[in-house]
Structure formats: structure tokens, C-alpha cells
1. Which of Thr356, Thr237, Thr49 moves the most in a Gaussian network model of the chain with Cα springs under 10 Å?
2. Given a 1.4 Å probe, how much area per residue of the chain is accessible, in Å²?
3. Would you calculate the convex hull of the Cα atoms in the range 118-216 and tell me its volume per residue in Å³?
4. Which value in deg cm²/dmol, rounded to the nearest 500, describes the helix-derived mean residue ellipticity at 222 nm for the chain, given -39,500 (n - 2.57) per DSSP H run of n ≥ 4 and division by the residue count?
5. Which whole-angstrom value gives the distance between the alpha carbon centres of the range 370-433 and the range 294-338?
6. Can you give the extra length, in nm with one decimal, that the chain gains between Gln41 and Ala212 once fully stretched, where that is 0.36 nm per residue apart less the Cα-Cα distance?
7. Using a Gaussian network model of the chain whose springs link C-alpha atoms within less than 10 Å, name the residue from Phe207, Phe332, Phe170 with the highest mean-square fluctuation.
8. Leaving out ligands, DNA and RNA, and with a 1.4 Å probe, what % of the accessible surface on the range 248-369 is carbon or sulfur?
Amino acid sequence: MVLSPPTWSDPAAQARATHGEQIAPIEGVPGQVEIRRENGQREVFCGLTSIVWLHRRMPDAFFLVVGSRTCAHLVQSAAGVMIFAEPRFGTAILGERDLAGLADANEELDRLVGDLLERRPEIRTLFLVGSCPSEVIKLDLAKAAERLTHRHRGRVRVLNYSGSGIETTFTQGEDQALMALLPLMPASDEGQLLIVGTLADAVEDRFMALFARMGLPVVRSLPPRRSTELPPVGKGTRVLLAQPFLSATARALVHRGAQLIEAPYPFGVEGSAAWMAAAAAAFSIPAETVAAVLDPLVERGKRALAPHRERLAGKRLFLLPDSQMEIPLARFLSRECGMELVEVGVPYLDRQLMATELALLPPGTTICEGQDVERQLERVRSERPDLVVCGLGLANPLEAEGIATKWSIELVFSPIHGCDQAGDLAELFARPLSRRGLLTFG
Ligand code: SF4
């Protein structure tokens, strides 16, 4: 099934604009879920964090964070922990400059980019990534990108986007980076399936092979592995979102003529099979061809899930808002692993991109959009769930209080998409429970 062009306004702004707490039925899903909205202090990484997986995806791109020492520490420590490679990001520290010093700041940025390009001739796309400090906000990075593209024409393309914590949560950084690439995508009405959202290379290869076996003619990805080989977009493009946090990119692709394929996200056996089947249906692939490819995968996936389901079934789960992947994960953990959902937090709720997922949640599920961290922690303490999925900053204090936690950021870095990965995905949630069991009874 194909969605009509979306009409939602900026969901993050929508989330920020809501006040206090209220319960409301969700449009189009009567009585299925309850939505609670909160607006208070948030505990979420900023969009700079997404550089960690984006630079791995596009090795010929470089991410230059224009920010403070705090930004440098965040990116370097996140990347230092998560990857073992020569970094393809840097930080231009432009603190302590006032408006009067802007000319100097621009000069300094130009000099830094010149030095960088001389040292790193392999860079084909350079992203200037904005951040929160007021000195950076005063800089016009779009103009700087234009100026630098002109200066280094034929050598590198310079783009810009914001990873600022004021505007983005950590997965929204990818949405912003893709939005920066979008104007460079050529126009073409050629029929194609466009998978949108970063996947681990091995997982993507597997999906490509499966779609080829189903007979899909042309399948491409955004972001591509080479930053300069951008896929085209136009009326023949059917967009299949691999990640649930790409609202702005999805809207912009539809604006360029593409159609969104309505499907759950490819987490777990059920979600992944439905995701692939929806793509095949958009290209009128016969049901028996799809079944011949998917049935063995589904069977194998269910077998791999079974031992983890035994560990997880009946356990109470509380998801705090962080990665924007909470709703699809809650659907997987409740339907396929038998977990009981206490509360599902989400940084913002994009009703259109989540419609299929919401319809699959157990009746009465409580969704909390936005965050007031102290109130959420109070509810965690009074509910005493068996497992809390949360950001790094909240995990340690909760563990110290005897509550098992799972870091949501790990889910963005792990290859968890597809029927083949369902067992591994369930194991990521079973492991903290087993560890706590050992600590308690060992
Ligand atoms: Fe930099 Fe702002 Fe992110 Fe802090 S929240 S690391 S200041 S962009």
C-alpha cells in the first residue's frame, strides 16, 4: 500500500509545542493506544552522535563539527568507544567569538577546511555540522558551505546541517544529514525501490540479495556507500524506510515525487517479513514468489527467537524516549517475545510514519511523547519494571537502584534489521536480565 503525500508539520516542533500532560486517543487507531505528552527536562544525546555511524557508512565523506570543546568530547568519546578506525570527523572549535569577530571565524573556518583538504585528498563530501553554542549559531554555515564549494570546485562538495542539541535528538542527526544530500539527488522517473536509512553493510547486502530473488528490478539505498553516488528520485521511486527516525527526509522525498511504502519497520521476524512483503507488493511481485523467499526465513527466524522468548516472556518493559526506535522495538518485544509493556516513551510521535506500528501494539499500550525526565524516573521507580531501555546517562543510576537496563544507543550501532537478526535482537534484551539474575543469585 502506498501513502499519500504527508501533511504533518515538523514533529519535533510539534512535540516541543505541547505542554503538560494529557491523554488523547490517537487518530485512526481508536482505543488502541493512549498517548501521554510531557514537556520538561530531556536526557537525550544530540544529533552530533549520528556522525559515528554516518562516517562509517560513507568512507569518502568527512564531518567537520563546528562547535565547542563539549562537542569535541562528545563525538570523540562516543566514536572512540564505538569504533576502531582513523576518524573521518574533526572539530573546529570556534568558541569565545562575538559578532564583531565573525569575519575572523569565517576566515578561520576557510583556513581549517583548506588544510584539511590538503591533508586528506580522499574526501569527496565535506559536511559542516552546526552545534548549539551561540558563537556557532551566529555563523551562517549554509553560506560558508556555498563559499567553500565554490573555492574547492571539482574537488569536494561542501554541505551543512545542524546536529545541535537544541534542534535534534541523536538519531535526528541522520535525518538532517540526508536532508543536506537530498538537493544533490538527480531527478529521474525510473522505477526503483529506495531503501532509506543507514543499515550495516552486511545486512543491506542480504536485503539486496533477497529483493533480487523476489525479482525487484532496481533497488538502491540512501545514504549510499559512496557519498558521490547518490540515487535519483522521482515519480517512479517507492521509498521503504529502514529506520523510523527519518521524518523530514521522507517528507522531502515525497515532495520530489516519490511514494512512501506503508509497512512496519524491519525489526523482528514479523516486522521484517511484512517490510519486505510490502516492498514486493508495491512492485506487483506475485504473492507465491514472495512466500517462496520469505517462508524459510520466517521459520528460521522463529527458531532462533524461541530460547530468548523463554527468557523474556512475561517480563515487564519500560522504554524511555531516546532513539525514536522505541515503538517498533516495543511491538517486536511484546508480540514476538511476550514482554509486557509498562510505558513506551518516544522523543516525538510521527503519526503517519508510525501508523502501521501503532496498529500492531497491544490494546491499551501507553505511549509517552516528549520527556520530563524526573517524572518518568518516578514512574519507573514506582512500577519497578524488569527492564528499562534508556540512554547512557540514566542507565547507571537505575542499575545502582537494582533495575536492569539496556542502552538504547547500542541498538543504533548493532546490525538488528531483518528476519536473520531477530534472535540476536532478542538476545540484546535478554542479556541484561540474565546478567542481573547472575548478580542476584550468584
Ligand atoms: Fe555540542 Fe550542543 Fe551536542 Fe552539547 S548538545 S555536544 S553543545 S551540539
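The values are calculated or read from the model by the stated rules, or taken from the named source; none is laboratory data. All figures in this text were calculated on a predicted structure; none of them were measured in a lab. Using ideal geometry, Cβ is built from the backbone for each residue, glycine included, and neighbour counts are taken over all protein chains shown. Just so you know, the surface numbers come from the protein's heavy atoms only, side chains and all, with ligands and any DNA or RNA stripped out. Shrake-Rupley method; radii C 1.70, N 1.55, O 1.52, S 1.80 Å.
1. Judging by the Gaussian network model, the answer is Thr356.
2. Working: 17950 Å² over 442 residues.
Here the residues of the chain average 41 Å² of exposed surface.
3. Values: hull volume 15.7 nm³, N = 99.
Convex hull of Cα atoms, per residue: 158 Å³.
4. Working: 17 runs with 202 residues, N = 442.
It lands at -14000 deg cm²/dmol.
5. 13
6. On the way: separation 171, 0.36 × 171 = 61.56 nm, distance 4.67 nm.
So the extension gain works out to 56.9 nm.
7. Phe207
8. Numbers: 2120 of 3900 Å².
Here it works out to 54 percent.
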